[in-house]
Amino acid sequence: MEASMNKADIADILNEIGTLLELKGENPFKVRAYHNGARALETLDGDLGELIAEGRLGKVKGIGAALAQKIETLYETGRLPFYEELRASVPEGLLEMLEIPGMGAKKVRAIHEKLGITTIEELAEACAAGRVAELPGFGKKSEEKIAAGIRNREAYSKRHLWWSAYAVAGPIVEGLRKLPQVERAEYAGSLRRNLETVGDLDFIVASREPGPVMDWFVGLPGVIEVTGRGETKSSIRLEGGMQADLRVVPPEQFAFALHHFTGSKEHNVMMRQRALARGWSLSEWGLSVVEHGETGEGGAPPPPADIRDESGVFAALGLSYIPPELREGLNEIEAAEHDAIPELIRVEDLQGCFHNHTHASDGRNSLEEMAAAAAEHGWAYLGIADHSRAAFQANGLDEDRLAAQIEAIRRLNASGRFPVRLFAGLECDILADGRLDMDGDLLRELDYVVASVHNALGQPEEEMTRRLIRAIEHPCTTMLGHPTGRLLLAREPSRVDMARIIDAAAANGVVIELNANPRRLDMDWRWWSRAAEKGVLCSINPDAHATEQLDFVEAGVRVARKGWLTREHVLNTRSLAEIEAFLRRKRG
Ligand code: DGT
Ligand code: CA
Ligand code: CA
Ligand code: ZN
């Protein structure tokens, strides 16, 4: 029989049931049972359908008979009346409130019960009126934090992760290119510049017959509103809230329109100034001589005619080609003037990656499954780095479980089953005072250590900076994981003096991670030029919690390019032999 839901879908529902029960004030043991059941299901070896058919599901550790029953119903029918009734009995707004930093189920329930609040708008009003601070267990500080969380949420809701925008834009460009009226089609804007978040999508099309192109665009499936429909420009709003603009231009204007709408504004301003210095005016329409005075006389020679691509636009202004991700109005124009635009890293340059989780901690797949997935990427090596015990919410490994994993990795390497060399690592928590959450002896058994912060993210800047530097100075630290802990559009970065972190990493030969999870992209691209100048190596790490998340390296490479990095700056472009030598040297 074809299953209607897989393990991950069902685990998500179990987690949601746990949360809903908690919001209703149910007994904590019952709540725990659902969360534990979800984890047991996520990390289950083997096929769920088989387990059910053989009647063995209820015997799995963490899944009792009652839970097994519900899982079977979901697996077979894709529905669960118990869940649907539960969901209907809890106001939607309460679930949304959980997304505000600092609001757990207990607090949401208190606010609901004591103040009768069911929506975020009502919560914002109650904060403004000082009614939240008066509740037992809240206080002025926590009220301010909630109010700030709501404000951020509003600002965040206007933007989207680069990864989600890319997933929406790709098929639209493909579709545009298939239309018979379309000569060329590209996406532009912040998406093309690989910015970590994207406000709206911008599409540029070359065509002599815009009408049918516009019709196709505003008729896309998923369009919930057409906010503009003109001769050459249309705007739509898609399901999920993303907005998109389409501009259709005649083919001879395409290069100029693409350049203009790729931006950034700052880059465009510098380009226009450069054109003006030559007596030309640059716009989305083209390049023309600035006419001055009443005589209408042009002071400058005419610009080159028939510019068909962006290289031609740059060349006309005496510049080599500037890749879109560098067009931020920093020093890309100066570099292009001296033909000094570096050859940026490409995803094909990667030979492996570090920082990946397995089901030993909070990942979804086994060592073997991760190794097989890395082999499919064509990689020579894969670093495993599960959580350490301080990350208890992520089922972190204690000494015994870590020792067992090291052993399992050695055996797997020796077996020659996969053409991928596994490295035994650990994502070791950096404790609040900067010590590492694991004894030196066991750390020395590992091939490498990623040191990361997962708690006390709100420390003052000086304390956080010293904490990270102390971890960087630990002789076993190979790399610093997601340095600020930010979650794009959800959680602000920790306050940290990144310039000092970079200096400390340089002084101690510690690599800094570019965490490629699309929600993190941390360290931020704005710091990588400085890190590279100081000789700090970057490791582009997917932080994969499932085999398919190895694909996140694509997002990481995009951001590395934006940070002007070449393959030489990135550790995991090196060959297996070079990596082995590097890690051995670091272990001393
Ligand atoms: P976003 O959508 O907020 O993530 O950022 P962008 O860069 O995609 O901005 P958007 O969609 O407003 O406009 C696309 C590009 O068009 C922008 O990067 C540069 C160009 N552009 C738009 N408005 C202006 C303007 O007023 N002046 C200049 N110089 N360029 C503009
Ligand atoms: Ca845009
Ligand atoms: Ca736009
Ligand atoms: Zn982490």
*Just a yes or no: is a residue in the range 151-164 open to solvent by less than 20 Å² (accessible area, probe 1.4 Å), away from ligand 3 (no atom under 16 Å from the Cβ) and of a type in the set (A, V, I, L, M)?*
no
*Residue check for Glu461: modelled with pLDDT of 95 or more and among the charged types (D, E, K, R)*: yes
*Among the residues of the range 345-360, is any in a loop (DSSP other than H, G, I, E, B), on the phi < 0 side of the Ramachandran plot and without any contact (Cβ under 8 Å) to a residue 60 or more places away in the chain?*
yes
*Which ones in the range 90-119 are closer than 15 Å to Arg151 by Cβ and in contact with a Gly (Cβ under 6 Å, 6 or more places away or on another chain)?*
Ile100, Pro101
_Cross-chain or 6+ apart pairs with Cβ under 6 Å, the range 55-68 first and assigned by TED's automatic domain parsing to the domain that holds Tyr34, then open to solvent by 40 Å² or more (accessible area, probe 1.4 Å) and at pLDDT 90 or above_ = Gly62/Asn36
_I'm told Arg229 meets every condition in (1) more than 13 Å from Met242 (Cβ to Cβ); (2) within 16 Å of ligand 2 (Cβ to nearest atom) except one. Can you identify the failing condition by its number?_
(2)
*Of everything in the range 99-126 that's among the small types (Gly, Ala, Ser) and over 32 Å from the mean Cα position of the chain (by Cα), which residue is surrounded by the most Cβ atoms within 10 Å (Cβ to Cβ)?*
Ala126
_Matching option when the condition is away from ligand 1 (no atom under 16 Å from the Cβ) and buried (at least 19 other Cβ atoms within 10 Å of the Cβ), among Pro221, Pro210_ = Pro210
*In this structure, is Pro518 open to solvent by less than 40 Å² (accessible area, probe 1.4 Å), within 16 Å of ligand 1 (Cβ to nearest atom) and either at pLDDT below 95 or in contact with a Ser or Thr (Cβ under 9 Å, 6 or more places away or on another chain) (or both)?*
yes
*Any residue at all in the range 188-202 that is away from ligand 1 (no atom under 16 Å from the Cβ), not acidic (Asp, Glu) and not assigned by TED's automatic domain parsing to the domain that holds Arg519?*
no
_Quick check on the range 191-206: of everything there that is within 6 Å of ligand 2 (Cβ to nearest atom) and outside any strand (DSSP E or B), which residue is most open to solvent (accessible area, probe 1.4 Å)?_
Asp200
*Tell me, yes or no, whether the range 273-284 has at least one residue that is out of contact with any His (no Cβ under 6 Å at 6 or more places or on another chain), hydroxyl-bearing (Ser, Thr, Tyr) and more than 16 Å from ligand 3 (Cβ to nearest atom).*
yes
*Would you point out the residue of the range 232-242, among those that are of a type outside the set (Ser, Thr, Tyr) and out of contact with any Lys or Arg (no Cβ under 6 Å at 6 or more places or on another chain), that is farthest from ligand 2 (Cβ to nearest atom)?*
Glu239
*Among (1) open to solvent by 20 Å² or more (accessible area, probe 1.4 Å); (2) outside any strand (DSSP E or B); (3) more than 13 Å from ligand 1 (Cβ to nearest atom), where does Arg184 come up short?*
(2)
*Search the range 302-328 for residues being free of Cβ contacts under 8 Å to residues at least 12 places away in the same chain and under 18 Å from Leu276 (Cα atoms), and hand back the single one that is least open to solvent (accessible area, probe 1.4 Å).*
Ala315
*How about the range 361-400: which of its residues are among the small types (Gly, Ala, Ser) and assigned to a strand (DSSP E or B)?*
Gly383, Ala385, Ser388
_Scan the range 353-369 and tell me whether some residue there is more than 16 Å from ligand 1 (Cβ to nearest atom), open to solvent by 10 Å² or more (accessible area, probe 1.4 Å) and touching a Phe, Trp or Tyr at 6+ places or on another chain (Cβ under 9 Å)._
yes
*asked:* As an exercise: evaluate Gly240 against (1) more than 12 Å from ligand 3 (Cβ to nearest atom); (2) open to solvent by less than 70 Å² (accessible area, probe 1.4 Å); (3) over 15 Å from Glu310 (Cα atoms) and give the number of the one condition it does not meet.
replied: (2)
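Residues that are touching a residue at least 12 places away in the same chain (Cβ under 8 Å), assigned to a helix (DSSP H, G or I) and acidic (Asp, Glu): does the range 531-539 have at least one?
No, the conditions are met nowhere in the range 531-539.
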*Would you pick out the residues in the range 1-46 that are out of contact with any Lys or Arg (no Cβ under 9 Å at 6 or more places or on another chain), of a type in the set (Asp, Glu) and in a helix (DSSP H, G or I)?*
Asp9, Asp12
*Given (1) open to solvent by 70 Å² or more (accessible area, probe 1.4 Å); (2) in a helix (DSSP H, G or I); (3) over 30 Å from Gly556 (Cα atoms), number of the condition Glu174 does not satisfy*: (3)
*asked:* Looking only at residues that are in a strand (DSSP E or B) and more than 11 Å from ligand 2 (Cβ to nearest atom) in the range 243-265, which one is nearest to Leu282 (Cα to Cα)?
replied: Val249
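Please tell me if Gly312 is among the small types (Gly, Ala, Ser), part of a loop (DSSP other than H, G, I, E, B), modelled with pLDDT of 95 or more and out of contact with any Cys (no Cβ under 9 Å at 6 or more places or on another chain).
Considered against the rule, which asks whether it is among the small types (Gly, Ala, Ser), part of a loop (DSSP other than H, G, I, E, B), modelled with pLDDT of 95 or more and out of contact with any Cys (no Cβ under 9 Å at 6 or more places or on another chain), Gly312 comes out as no.
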_Could you tell me how many of the residues in the range 464-493 are assigned to a loop (DSSP other than H, G, I, E, B) and either without any contact (Cβ under 8 Å) to a residue 40 or more places away in the chain or under 16 Å from Val511 (Cβ atoms) (or both)?_
11
*asked:* For the range 167-215: of the residues being among the hydroxyl-bearing types (Ser, Thr, Tyr) and touching a residue at least 40 places away in the same chain (Cβ under 8 Å), which is nearest to ligand 3 (Cβ to nearest atom)?
replied: Ser190
_Those residues of the range 573-588 which are farther than 24 Å from Glu343 by Cα and not in a helix (DSSP H, G or I), in sequence order_ = Gly588
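The values are calculated or read from the model by the stated rules, or taken from the named source; none is laboratory data. The model shown is predicted, which means the values in this text are computed figures rather than measured ones. Note that we place each Cβ from the backbone using ideal geometry, even for glycine, and neighbour counts take in every protein chain shown. In case anyone asks, the SASA skips ligands and DNA or RNA and just uses the protein heavy atoms, side chains included. Shrake-Rupley method; radii C 1.70, N 1.55, O 1.52, S 1.80 Å.
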